[in-house]
Structure formats: C-alpha cells, structure tokens
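Quick notes on the structure that follows.
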Amino acid sequence: MNGSFRVGNLFGIPFYINSSWFLVLGLLTFTYGGNLATQFPQELGGILPWILGLITALLLFSSVLAHELGHSFVALSQGIEVKSITLFIFGGLASLDRESKTPAEAFWVAIAGPLVSIVLFGLFTAINIYTAITGPVESIIQLLAYINLVLALFNLIPGLPLDGGNILKSIVWKITNNPYKGIIFASRVGQAFGWLAIISGLIPTFLFSSFPNFWNILIGLFLLQNAGRSAQYGEIQGVLADLTAVDAIVPNNPIVSVNLSLREFVNEYIIGKETRKEFLVTDEVGQLLGIINVDDLKIVNTSEWPLVEVKELMKPVTNMEAVTAQTTLLEVVSLLEQKQINQLTVIGENGVLVGLIEKSSIRRLLEKKSQAKPA
C-alpha cells in the first residue's frame with residue numbers, strides 16, 4: 001500500500017503503518033480525550049484526558065490488529081504466507097500470498113477476524129460486569145467492547161472487500177464450484193453496499209439541508225473502489241483459468257533450427273520481420289538446445305554467414321522456466337509473478353518445444369478476449 005512504512009514484525013509477519021493511520025489516530029485521540037474530559041471533569045484535569053484518549057485510540061487499533069492476526073494465523077495454518085499486515089485509515093489489512101485452496105478453508109480465513117473481534121467484545125464486556133472498575137477506566141473498557149462489536153458486525157457485511165464478502169465468496173464458490181464466480185458476485189454486492197453508504201451519507205443534505213455524513217461517503221467510496229477492483233480481478237482470473245499456455249504463445253514463434261546457416265537464419269527470421277533480440281534453438285526433433293542472440297551475428301563476417309551454422313553461435317539455456325502446453329494461464333501468470341520473470345517456454349509432448357510466452361502476449365490475448373466480448 002502506497003504511503004506505508006515498516007515498523008517491525010509481529011509473529012514473523014511484516015507490520016506496516018500507512019500515513020493515513022496517523023490522521024485517524026489524532027482524530028480519535030482528540031475526540032475520546034474530549035469526551036473523557038466532559039464526562040469526568042473532577043477526576044481528569046490538564047492533559048490527562050488526552051493522554052487517556054491516546055491510550056484508548058491505541059487500544060482500538062490493537063483490537064483491529066488482533067482482528068487481522070486472526071485472519072493471519074488461520075491462513076498460516078493452511079500453509080499460506082502472510083506477506084504483511086498494514087494499519088490504515090479504515091482499519092487493517094492482512095496481505096496473503098495466495099488464496100485458500102478450498103471454499104471451506106477460505107471461509108475459515110474470512111470468519112477468523114470477526115470471531116476475534118466478538119471474543120474481544122465478550123472479554124471487555126465481562127471485565128465491565130464482573131470487576132469493580134469505575135470512572136474513566138470503566139468508560140474506556142465499555143468503548144473497547146462497543147468498538148469490537150461494531151468492528152465484527154461491520155466486517156460481516158456480505159460484500160467484498162469486507163470479511164463478510166469473503167464469506168459470501170466462499171459460499172458461492174462452494175455452490176458453483178467456481179471461485180471466480182464467488183469473487184465477482186461478492187464484489188457486486190460490495191459495490192451495492194458502497195452506493196448505499198454514499199446515499200446514506202448524502203441524505204442529510206437533501207432532506208434536512210444539513211452537512212453530509214462524510215464518514216459514510218468515505219466508506220462508500222472505499223467499498224466501491226475496492227469492490228470494483230475485486231470484480232475486475234475475478235473476471236480476469238476466470239478468463240485465465242479457462243485458457244492454457246498454448247493460447248498465449250507469442251505470434252511468429254522465435255524458434256529456429258540448430259542446423260540453419262546464419263544466412264538462412266537472417267533471411268527467414270530477421271529481415272522484414274518483427275525485431276527480436278533472441279531466438280530459441282531446437283534440434284531435429286524440436287527439443288530446446290539453447291539461445292542465439294542477434295547481436296552475436298556481428299562477430300561473424302557477413303561473407304561467412306552461408307558457411308556458419310546457428311549452433312556455432314548458440315549459447316546454452318540458463319534459468320529458462322518452462323511449463324507444459326496444457327498448463328492454465330492462471331498458473332503461468334502466477335509463476336511469472338512468483339519468479340519475477342517476463343517470459344517462459346512451453347513444452348509439449350516428448351519434450352518438444354511448442355513456443356514462448358511473454359507477459360505482453362498474455363496482455364494482448366486478454367485485450368483480444370475483452371474486445372470480442374459482446375456488449
């Protein structure tokens with residue numbers, strides 16, 4: 001998340017704070033400090049109310065952090081890496097390395113956060129009921145109980161990007177046996193709730209000529225933006241899952257035979273063709289042997305090109321990732337991102353080289369599919 005900086009680790013998970021968090025921290029400190037000063041004028045004087053306000057705000061964010069750790073611990077138990085936890089203006093976000101493998105696992109990751117918040121609500125409520133605390137401390141404990149209840153209920157709203165949306169996604173996934181339909185459906189519901197939040201924030205202005213509820217509007221915009229991204233992500237993932245590596249092979253495959261002369265190579269693959277720096281070299285049965293770089297042609301006099309074969313300038317293949325022809329494009333994209341590479345080879349039956357996939361060829365295919373989609 002842009003504007004975030006790392007402050008350490010929590011149980012081995014990188015912990016970040018977004019710059020927007022400080023705005024909310026200051027606002028909560030000022031608000032709760034003022035409330036405490038008003039409620040307990042005899043007990044609290046000077047800057048003490050605002051010190052307690054700051055402590056309260058930090059405890060509230062600790063509750064949010066506990067909520068995100070709930071998601072994280074369940075994800076870790078499923079072998080999912082938690083890349084980071086970030087606190088920001090609207091709460092917290094646990095960034096996971098991958099999705100759960102089954103609807104049931106996705107459900108438990110999603111429900112874990114609200115369950116932690118409900119447990120904290122019960123804990124703080126019990127402290128208030130069964131202990132003799134009074135005054136400002138009692139007020140703070142009551143507030144923590146209330147906020148954790150609100151945090152649980154708000155996150156259970158059944159629309160992405162909220163936890164309830166992920167729960168809904170897992171249910172639709174279970175019913176349809178398609179995780180991407182679950183993402184799209186839950187995202188659309190999230191967008192609907194986003195519009196409802198914006199409308200509810202504007203109603204005071206239209207009906208009572210009053211100020212709009214800016215928090216509702218901000219939350220609505222947050223839901224709209226992130227639910228829209230989730231829907232787009234689900235649609236793209238669904239398309240990629242239905243395609244295979246063969247579908248995204250680059251046109252005019254850069255594959256040449258090891259026995260070609262340099263003159264034949266230049267005439268057939270370079271002159272008048274799309275400019276490429278490297279070509280894959282195969283043997284007589286189509287298995288990958290190495291790579292020839294076009295710039296290496298400069299070391300051979302052009303008069304000797306008919307006499308020199310490609311194999312004499314060929315270099316061995318190093319660190320070239322490969323996938324089978326029937327690998328889904330979703331897996332291909334995941335591998336490209338995981339390995340931080342821009343291309344990989346596609347191997348068919350008996351180790352025969354089928355072609356090359358590049359990130360750009362996948363983008364072109366997705367654009368083509370998008371343009372072909374009926375309006």
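About its Cα centre, the chain has a charge dipole of approximately 860 debye under the convention of +1 per Lys or Arg Cβ and -1 per Asp or Glu Cβ, with nothing else charged.
Calculated on C-alpha atoms, the gyration radius of the stretch 1-158 divided by its Kirkwood radius gives an Rg/Rh of 1.02.
In this structure Ile133 has an accessible area near 50 Å², from a 1.4 Å probe over the protein heavy atoms. Its DSSP H runs of at least 4 residues, each contributing -39,500 (n - 2.57), put the calculated 222 nm mean residue ellipticity of the chain at -19000 deg cm²/dmol, to the nearest 500. Histogrammed with a bin width of 5 Å, the alpha carbon distances of the stretch 195-284 distribute as 3, 11, 12, 10, 7, 7, 7, 6, 6, 6, 6, 6, 6, 5, 3, 2, 0 percent, first bin at zero. Accessible surface of the chain, 1.4 Å probe: 61 percent of it comes from carbon and sulfur atoms.
By the rule of a C-alpha distance below 24 Å, with chain neighbours fewer than 8 residues away ignored, the lysines paired with Lys369 are Lys181, Lys359.
Taking the Cα centre of the stretch 240-375 as origin and assigning +1 to Lys and Arg Cβ atoms and -1 to Asp and Glu Cβ atoms, the resulting dipole is close to 540 debye. What fraction of the Cα pairs in the chain, stated in percent, has a spacing above 41 angstrom? So the pairs more than 41 Å apart make up 36 percent of the total in the chain. Using R0 = 51 Å, the C-beta based FRET efficiency linking Thr302 and Ser334 works out to 0.70. A dipole drawn for the chain from +1 and -1 charges on Cβ atoms has a positive end, and of Asn166, Val300, Pro212 the residue lying farthest that way is Pro212. For the stretch 193-345, the normalised intensity computed at q = 0.09, 0.16, 0.18 Å⁻¹ comes to -0.52, -0.94, -1.06 (log10 of I(q)/I(0), Debye sum over alpha carbons, equal scatterers, no solvent).
The values are calculated or read from the model by the stated rules, or taken from the named source; none is laboratory data. Here the structure is a predicted model, which means the values were calculated and not measured. Methodologically, a virtual Cβ is constructed for each residue, glycine included, from the backbone with ideal geometry; neighbour enumeration extends over all protein chains shown. What goes into the accessible areas is simple: the full protein's heavy atoms, side chains included, and nothing from ligands, DNA or RNA. Shrake-Rupley method; radii C 1.70, N 1.55, O 1.52, S 1.80 Å.
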